[in-house]
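Let me begin by presenting the structure, written as structure tokens, before commenting on it.
Where a number appears in this text, it was derived from the coordinates with a stated rule and is not lab data. None of the values given here were measured: they were computed from a predicted structure. For neighbour counting, all protein chains shown are included, and Cβ atoms are generated from backbone atoms with ideal geometry for every residue, glycine included.
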Amino acid sequence: MSTPVAVAEPAANPAGPRRAGRLTGFMPLIALVALVLALAIADSDFLTTRSLTAALRTAAPLIVLAAGATLVVLCGGIDLSIAALASLSTVLLALWLPDLGGLATPVVILAATAIGAVQGVAHVLLRIPSFIVTLGGMSILSAVALVVSGAGTVRVVDDTPVKWLELYVGGYVPMSAAVAIIVVAVIAVVLKVTPLQSWVSATGYSESAARLAGTPVDLVKIAAFCVSGACAGLAAVMLVSRQYSGGPTMADNLLLPAVAAIVVGGTAITGGHGSVWRSLAGALVVTLLRVGLPIVGVPSAYEQILYGVIIVVCVALTLDWSKVSIIK
Amino acid sequence: MFAALSPQFRSLGNAQNIMDAAAVLAVVTCGITFVLMMGSIDLSSAGVMGASALTVSLLVANNRNDNDLGLLGIAVAVLLGCAFGCLSGLALVLLKVPSFMATLGVSAIGLGVATLMFAGVQPNITDAMLKGWAIDRFLGLSYLTWIAVACILVGWLIQRYTRLGRYAYAIGGAEEVLALSGVKVKPYKVAVFALAGAFYGLGGVMVTSQLGAGLVQAGNGYDFSAITAAVVGGTLLTGGRGGVLHSAVGVLLVMVLTNGLVQVGVSPYWQGGVEGLIVVAAVAAAVIPQRRRNQVVK
């Protein structure tokens, strides 16, 4: 259908897209710097260490969630279940901490990875679109979280096993933010030094071509869902260490910010184009908007509206229009 | 099966309950069916319903302000829903944002607008007519149920006898063919989303009538339940199949299932889990015949 267009485009416009692409590549960083400047001007207290570390601590779970889901988006899918999975993981962690102690954290992350893997396998084997699998998964996981927690908050009495996330590296940088950045770095490095990077982007850019070229497309997709699940589990550990409790809906309001972070970072929702570093920048932008709105005197109800607008506009900007002839 | 397990389930009163409980879901599902027929998806109902619930509760007689617009207020709420639907549709055809993303965004916008109107004080409605809709009965069923029946009828007429309904089918079946045969597809897509939005708006009004107050969370869970009901009714998520009447049957099935599970002693918290399983299983069952052909699934 669209083949002639796709072939003609690069020849017709060789310089334009690349320059535009380079510009959108720096957009998240430009937005980040602009936001920090704007906030520093609006509120002179903003550039103190106390408010900066507070912002970083708020950002940490979001960074981890967004980084994990970015891999799924890079493969051309989407994971809508991350927030529900994180909520379920907070409940599980709070329930298991008394029995398992320090082991609870890796066990919860493993459990979340397994749930992610199940969704990935369902998506790949049954050939169901990823957003339906994860939408159904979101519903199922929320139900499980409600049932195992009895629809109430599970308090953590002895939080020593997750206390380490509350420490500060070098006295300034919160441990949770440091862990989040390490996670992003590890994902990025692993992608870079292994063939995974090209496999992931090949899957995202053109799945059928990647399949013909011998890329293990199915395994790559399942692995992406595993990483996404593991990141949701880790985000849950961070939330529990901050709130001293687990709740069946605790992380649910992180879904929109996480999706917004991914698309603000400039990762194309059609797959292939983007990186976890972009999502890191996107998560910081979203967090700054979140903490910044009350500072400039905008009621926090506008936050939701803003997420909605950001998602729609950024998806439209980063979309690879040549690839999709029919949008459902 | 549930009739055998629980004596309460067999009663006539329970049948009435199921019908009354199904009313709102039926209206929402009616709207979402048109979107699904096109092969798109709509996750915006929760937000749109929240916004329209707040709108209607602030426009009819209430404890927050002196408005007493009655039916006009309801019409405004439905129109607001229509406008939100239009927004999703425009984002889809003009900005080319995939529908699940566009409607996710619009849902967030709707919730934000609802929160703004909520402003910390819950608007309780005092309008006798709107309150009466949920309580007064006609032939054993509440007015809301009759409204839902009317909606299904209207939906069926639109689907069957208007260009909009026929094209919605055709878009889901083979959009390229339709576009190549000279039909301007885009306005129809926007119109379908606007129509669905109007149904959600009415759904929000009906929830407000049931609760007696406008709540931001009025549409919580309806988005997914409606997709479940439509899929159970036989509407394919790939588009081109199904219809309003199918979905109405699906709504009844889902309501009987959730009601029956509660009656036999399953925790109501499992409801969402059951719905999730149903959707995944139903979609999987629908695509398995084409598994070999469809190698690429996003």
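Gap in Å between the Cα centre of region A:127-166 and the Cα centre of region A:84-99? Cα centroid to Cα centroid, the span is 6 Å. Under a 5 Å amide H cut-off, with hydrogens placed 1.01 Å from N, B:Ile125 pairs with B:Ala213, B:Gly214 among residues at least 5 apart or on other chains.
The mean sequence separation of alpha-carbon pairs under 8 Å and at least six residues apart, normalised by the residue count of chain A, gives a relative contact order of 33 percent. If the Kirkwood radius is taken over C-alpha pairs of the protein assembly as shown, then at 37 °C and 0.692 mPa s the Stokes-Einstein diffusion coefficient equals 130 µm²/s.
Over all pairs of different C-alpha atoms, chain A has a mean inverse distance whose reciprocal, the Kirkwood radius, equals 20.4 Å. Among B:Tyr222, A:Tyr244, B:Tyr143, sorting on how many other beta-carbon atoms sit within 10 Å of each Cβ, with the fewest leading, yields A:Tyr244, B:Tyr143, B:Tyr222. Residues B:Asp68, A:Asp43, B:Asp20, A:Asp99 in ascending order of nearby Cβ atoms (within 10 Å, fewest first): A:Asp99, B:Asp68, A:Asp43, B:Asp20. Of the chymotrypsin sites (Phe, Trp or Tyr not before Pro) found in region A:166-232, those in coil by DSSP whose Cβ has at most 12 other Cβ atoms within 10 Å are A:Tyr172. Between B:Ala285, B:Ala91, B:Ala134, the Gaussian network model of chain B with springs among Cα atoms under 10 angstrom shows the greatest mean-square fluctuation at B:Ala285. Dipole check for chain A: with +1 at the C-beta of Lys and Arg, -1 at the C-beta of Asp and Glu, and the Cα centre as origin, the magnitude is about 580 Debye. Between amide H atoms placed 1.01 Å from N, distances below 5 Å from B:Gly39 occur with B:Gly239, B:Gly240, all of them 5 or more places distant or on a separate chain.
Considering the options B:Val106, B:Met206, B:Gly273, tell which one lies farthest towards the positive end of the dipole of region B:2-285, charges being +1 on Lys and Arg and -1 on Asp and Glu at the Cβ, about the Cα centre. After comparing all options, I get B:Val106. Across region A:268-277, rounded Karplus estimates of 3J(HN,Hα) from the backbone phi angles (6.51 cos²θ - 1.76 cosθ + 1.60, θ = phi - 60°) give 6, 6, 7, x, x, 9, x, 7, 6, 4 Hz, Gly and Pro being marked x. Phi angles across region B:129-144 convert, under the Karplus curve 6.51 cos²θ - 1.76 cosθ + 1.60 with θ = phi - 60°, into 3J(HN,Hα) values of 5, 5, 5, x, 3, 7, 9, 5, 10, 9, 6, x, 10, 6, 4, 4 Hz, Gly and Pro given as x. Per-residue Karplus couplings for region A:246-262, computed as 6.51 cos²θ - 1.76 cosθ + 1.60 with θ equal to phi - 60°, are listed in order as x, x, x, 10, 4, 9, 4, 7, 8, 4, 4, x, 5, 4, 4, 4, 4 Hz, Gly and Pro entered as x.
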